[in-house]
1. Peptides B:14-24, A:31-41: what's the order by average Cβ count within 10 Å, highest mean first?
2. Please build a GNM for chain A, connecting alpha carbons under 10 Å apart, and tell me which residue among A:Ala24, A:Ala128, A:Ala95 fluctuates the most.
3. Once phi is turned into θ = phi - 60°, what whole-Hz ³J(HN,Hα) does the Karplus curve with 6.51, -1.76 and 1.60 give for every residue of segment A:43-57, x standing for Gly and Pro?
4. Roughly how big is segment A:3-137's charge dipole about its Cα centre, with Cβ charges of +1 (Lys, Arg) and -1 (Asp, Glu), in debye to the nearest 20?
5. Provide the FRET efficiency to the nearest 0.05 for the B:Thr72-B:Ala13 pair, computing r from the beta carbons and using R0 = 22 Å.
6. Per the Cauchy relation, a quarter of the hull surface: what is the mean projected area of the convex hull of the alpha carbons in chain B, in nm²?
7. Evaluate peptide A:112-118: per residue, the Cβ atoms of other protein chains within 10 Å of its Cβ; return the mean as an integer.
8. Quick one: what are the phi-derived ³J(HN,Hα) couplings along segment A:88-98, Karplus 6.51/-1.76/1.60 with θ = phi - 60°, whole Hz, x for glycine and proline?
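Computed from the coordinates by the stated procedures, all read-outs in this text should not be read as laboratory data. Worth saying up front: this structure is predicted, and the values here are computed from it rather than measured. Every residue, glycine among them, receives a Cβ derived from its backbone with ideal geometry; neighbour counts consider all protein chains shown.
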Amino acid sequence: MSSEEKRTWISALVGVVVPVVYLATVLTKMSGTDVARIAYVGPMLTAIGVGIGAGIVLTIVAAMVWPKDAGKTDERDREINRRGEYVGFYVMSVAAIVPLALAMAKVEHFWIAHALYLAFVLSALVSAAVKIVAYRRGW
Amino acid sequence: MGKPTRVTNSIRALRFANGEMTQAELADRIGVTRQTIIAIEQGRYSPSLEVAFQIARVFRVPLDDVFGYPDTEQ
């Protein structure tokens, strides 16, 4: 497995685990509570920060465990990355319609922020999935 | 699922004919990862024209001896 494929797996892993933990944390606060009263900003910023940090740390760990492949990239990696980012961009573009519509409907900020967060997560996961399929099956 | 590319290649045979060159060795000589050589050999990736020429140059053969493309549409 090339270092770029490892990075893709890491971003997929982080893209699943961090949002699941975050949403589990926030959902436990939701039962019978007005969403406007839920303090989600801190946990959401923490989740975003942890997601970025975990991605960096795990990439460094992978480079230490497999130093021979570390940082090596070639035209296939670049093409796969381009394809994944391209699909991710379209997913983000479509998914961003939801928070836009919620903002226009003057819905609580809580829902707008979460719709946007989920759009980012969905886009990152689809992008990673496209890259992994391309690495495994080719095109 | 069929192979994603119709381009065929003789890299494996050429490696063995050239002193049993390893995939890693070939990858190092043309500046790609070993995984890319594996993907090309298995028909999972069509390399750029530049990499194709570099591979042919390593084996000192014309491009046609390394890569092929079937005449039929199927």
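1. On the way: B:14-24: 13.5, A:31-41: 10.4.
So the order, starting with the most tightly packed, is B:14-24, A:31-41.
2. It is A:Ala24.
3. Listing the rounded values in order: x, 5, 4, 4, 4, 5, x, 5, x, 5, x, 5, x, 5, 4 Hz.
4. I would put it at about 160 debye.
5. On the way: r = 22 Å, r/R0 = 1.02.
That pair, B:Thr72 with B:Ala13, gives E of 0.45.
6. Details: hull surface 20.2 nm².
For the Cα atoms of chain B, the hull's average projected area reads 5.0 nm².
7. On the way: counts 0, 0, 0, 0, 0, 0, 0.
For peptide A:112-118, the averaged partner shielding equals 0.
8. Values, residue by residue: x, 4, 5, 4, 4, 4, 6, 5, 5, 5, 4 Hz.
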